[in-house]
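To start, the structure itself, in structure tokens.
No lab work stands behind these numbers, since they all come straight from the coordinates. Note that the structure is predicted; figures quoted are calculated from it, not measured. Every residue, glycine as well, gets a Cβ built from its backbone with ideal geometry; the counts of neighbours run over all protein chains shown.
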Amino acid sequence: MIFPATTALFTALVFAGLSAWVIGGRVSGNVLLGDGGQDALQKRIRSHANFSEYVPLTLGLIALLEAGGSRPWIVVTLLAVLLVARILHPIGMLAPANAPRQFACRGGGVIATLLVMAAAAILLLVRVV
């Protein structure tokens, strides 16, 4: 079994980036707990939470592919699409309500995340069969 270093690095960098983004919002808004009634900070917090809710399973599936010896380009492609998806999501969260960018970025990020999750699951099933 191969240690999934690529997946681990991706996880650490993106999660740390989102955490720093939330912390920056807390510091600039002087908010220690909750969102302080600030809509922009609440959106940052929810973007971070959304990552925490949906991405761990996807990364676990990709890590299993990597550890199982999948071709590196498959792992890197899945992670690259996931990275773009997870960058688009908070951009969409910060867009004004009903703006085209809100649906395109946020919706696109959600759909791409789910597609990566499904692709990784299917690739794992194919490896088993």
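Hey, fewest Cβ within 10 Å first, where do V110, V116 land in order?
Numbers: V110 16, V116 25.
Exposure proxy ranking, most exposed first: V110, V116.
Taking all pairs of different Cα atoms in the chain, averaging 1/r and flipping that mean, what Kirkwood radius in angstroms comes out?
Result for the chain, one decimal place: 15.5 Å.
In nanometres, what is the gap between the two model label sites at L13 and L114, each 7 Å from Cα along Cα-to-Cβ?
2.8
Go through L82, Q102, A16 and say which Cα lies farthest out towards the positive end of the charge dipole of the chain; charges sit on Cβ, +1 for Lys and Arg, -1 for Asp and Glu.
So the residue we want is Q102.
Under a Cβ-only charge scheme (Lys and Arg +1, Asp and Glu -1), can you give me the dipole magnitude of the chain about the Cα centre, in debye to the nearest 20?
Rounded to the nearest 20 debye, it is 140 debye.
Return L78, L32, L123 ranked ascending by Cβ neighbour count within 10 Å, so the fewest neighbours appear first.
Working: L78 26, L32 8, L123 18.
In order of increasing Cβ crowding within 10 Å: L32, L123, L78.
Percent relative contact order of region 5-128, based on C-alpha pairs within less than 8 angstrom and at least six residues apart?
About 26 percent, as a whole number.
Label L124 and Q102 with points 7 Å out from Cα along Cα→Cβ: what is the distance between them in nm?
Result: 3.5 nm between the two label points.
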